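Contents: one structure, followed by commentary.
The values are calculated or read from the model by the stated rules, or taken from the named source; none is laboratory data. All values reported here derive from a predicted model rather than from experimental measurement. Please note: Cβ atoms are built from the backbone with ideal geometry, for glycine as well, and neighbour counts cover all protein chains shown. All accessible areas refer to the heavy atoms of the entire protein, side chains included, with ligands and DNA or RNA removed. Shrake-Rupley method; radii C 1.70, N 1.55, O 1.52, S 1.80 Å.
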Amino acid sequence: MSLAPRIRVAAERIFRQKEAENGRLAGKKRDFVPYIFLAPSFVLVTVFILIPFIDVVRRSFFSAMSNQFVGLKNYIVLFHNDAFRLAGWNTIKFTLVCIPILLIFSLLLALIVSAFKEQRGVFKTSFLLPMAIPVASIVLLWKAVFEKQGLLNAVLEWAGLAPIDWIHSEFAFFVLVFTYLWKNVGYDMVLWLSGISGIPPALYESAQIDGAGAVQRFFRITLPNLMPTVFTTAVLSLLNSFKVFREAYLIAGAYPDKSIYMLQHLFNNWFASLDIDKMCAGAVVMALVVFAVILLLQRLLGREESQ
């Protein structure tokens, strides 16, 4: 073998080695790119959420006045507080009532809308409009409808029925439920539609050929393939249920009817009176309960998905 071919072979070997090294470096750079984009969000979440929450956990074991360690005293006082028990029960009741209704109703809407493929965009926009309406506008609209001299009572009087104080009575709970459903049903419907669009059409075609009806296709194909969407939608619905406080506060004030006196009302009032001890303990309890519920949903829905 002459000298020139040997040099060419050696040069090709060195070139391939450099290409392999460049490929490995490029792969490492590509693996590192997502972390660069996530870094600003992680820093902001750490500074504005994680660090303050850690400080809240610390404060829940100390006295706000003397800054002395009191152990579980703040938690004992919290669970013996009548206002906390009332607000906690109302929050649990509101969540247990609203979230199942919201998930079922939004899923039914998604199934209906998915049948109209050409008009799907129009339906999405229509049902998402409540989320675009400012809270202040919603409050004015609700007052015009549900106040003593509002439109709903005018209809009741026209029908020969007695007017109802919708906002300052036990009926306020149903007004709050209606507000939550009206505002979030379009958002959940879009989440369901994204899950439905990810199901391969061939599964439905095969099921139809085998003679499966609409109900069988829903329980054997649609629902099992929507399990990841069920978890996401349920968690987001749970978190959005705490945002309904804004409407309740602006409509009925800081001390509304006891049927809609939520934990957010309680924490807001404790903050105004500088009851830092109970507020920190309540925030920790609330965060632990929400975290436990999310883990439970993940475990249950993840198990159903794996089956």
**Request:** Need at least 1 residues that are among the hydrophobic types (A, V, I, L, M, F, W, C) and at pLDDT below 90 per element, so show me which helices (runs of 4 or more DSSP H) inside the range 36-125 make the cut, counting only ones lying wholly within it.
**Result:** 82-114
**Item:** Selection count where residues are surrounded by 11 or more Cβ atoms within 10 Å (Cβ to Cβ) and more than 27 Å from the chain's Cα centre (by Cα), scope the range 59-74
**Value:** 9
**Asked** If you scan the range 154-174, which residues turn out to be of a type outside the set (Ser, Thr, Tyr), under 21 Å from Gly253 (Cα atoms) and open to solvent by less than 50 Å² (accessible area, probe 1.4 Å)?
**Response** Ile164, Asp165, Trp166, Ile167, Ala172, Phe173
**Item:** Candidates Ala272, Ala252, Ala281 - the one that is touching a residue at least 60 places away in the same chain (Cβ under 8 Å), out of contact with any helix residue (DSSP H, G or I) (no Cβ under 6 Å at 6 or more places or on another chain) and not β-branched (Val, Ile, Thr)
**Value:** Ala252
